[in-house]
Amino acid sequence: MTEPLPLRRILTKLSRSKLHVREVNQLIEGFLDLQPSPFVSKSTLYAPGDALVKSWIRISDQPPLFELSDALGDALHNLRATLDHLIWEMGTRHKPIPVPLPEDHVFRKLQFPIFLDPDKFAPKKASGAPTKGGGARDMLRGLEPGQVTRIDALQPYGDPDAALWLLADLNNIDKHRHPHFGAGVHRVSVTREPSPSFPGFRLRREYAHKGGPVKNGTLVARMRVRFPEGYEPDRIETYVNVNLERTFGVVLGKGPGEGREVREVLRTINRRVHRIVREFTPDVRGW
């Protein structure tokens, strides 16, 4: 079945985003394939049965930052534009659209609103009465009240780590500069449960990287290990490697999503946009 033209315009933009998401994943996977063993551990004996173990990064290069930044920006742009196309189609339904569109025309403000503060979504006067314009009112002019209510319910109020806010923030950054990211760790944790393969071993974490971009030689973790006397250093390091979880990838730096893995963030945003399009597809298809 051929979808109605308004829906096809939205889905075409969404399909375009898939190409760029795939490009981001391919660039990251290509980089990771070149770094098969990004972690190194080394033990220093303090006394019989007592050792300090350090784990650090060993990589030969950084990911292709410019190519990856461009691909990520294109993916974010098309995902953001998909939501804006959705609002345009609902807001201009059965209404004449002047060509060219005058500079002060209300349609120029149509877009999918994304706010952290509910008071900015629906501004109020000092008296508490709603303002006539501003906030999401201008962005959603022409939509039915029920549609506005549903979009209000989708807002990432108070949650800067929510998928929609990351989409808005990262997309705005990409318009002016490259977002901060690079090779990095995004999960460092220690398993304290006794292991039958290492009887008598105990592990205490002294330091763990909080997550974020790293370079060759960056310290990831420092641990104190107590163990039965007689074990060789390589056995101690094996014990640490078994009980220390370190996840290497391409992570976001200072700014939105700091320390989170790029593919995971993009996957979360992508799923959120797809769910919103599915939710409003009946509204558009029914025309």
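List of remarks:
- Any hit, the range 186-204, residues being under 26 Å from F66 (Cα atoms), in contact with an Asp or Glu (Cβ under 8 Å, 6 or more places away or on another chain) and surrounded by 19 or more Cβ atoms within 10 Å (Cβ to Cβ): yes
- The condition of being of a type in the set (A, V, I, L, M), touching a strand residue (DSSP E or B) at 6+ places or on another chain (Cβ under 8 Å) and within 27 Å of L266 (Cβ to Cβ) does not hold for I87.
- Subset tally (residues that are over 18 Å from P64 (Cβ atoms) and out of contact with any Asp or Glu (no Cβ under 9 Å at 6 or more places or on another chain)) for the range 14-35: 3
- Residue that is touching a Gly at 6+ places or on another chain (Cβ under 7 Å), of a type in the set (G, A, S) and within 22 Å of E89 (Cα to Cα), where the choices are G142, G134: G142
- Condition check for A81: under 24 Å from I173 (Cβ atoms), in contact with a His (Cβ under 9 Å, 6 or more places away or on another chain), assigned to a helix (DSSP H, G or I) and among the small types (G, A, S): no
- In summary, strands (runs of 3 or more DSSP E) completely within the range 140-253 and bearing 3 or more residues that are touching a residue at least 40 places away in the same chain (Cβ under 8 Å) occur at 181-190, 219-226, 244-252.
- Answer residue from the range 31-69, given it is farther than 20 Å from N270 by Cβ and small (G, A, S) and is surrounded by the most Cβ atoms within 10 Å (Cβ to Cβ) among those: S55
- Within the set L65, L19, L27, the sole residue that is within 18 Å of the chain's Cα centre (by Cα), of a type in the set (A, V, I, L, M, F, W, C) and more than 14 Å from V250 (Cα to Cα) turns out to be L19.
None of the figures in this text is laboratory data; all of them are computed from the coordinates on show. This one's a predicted model, so the numbers in the text were calculated from it and none came from an experiment. Ideal geometry is used to build each Cβ from the backbone, glycine not excepted, and the neighbour counts take in all protein chains shown.
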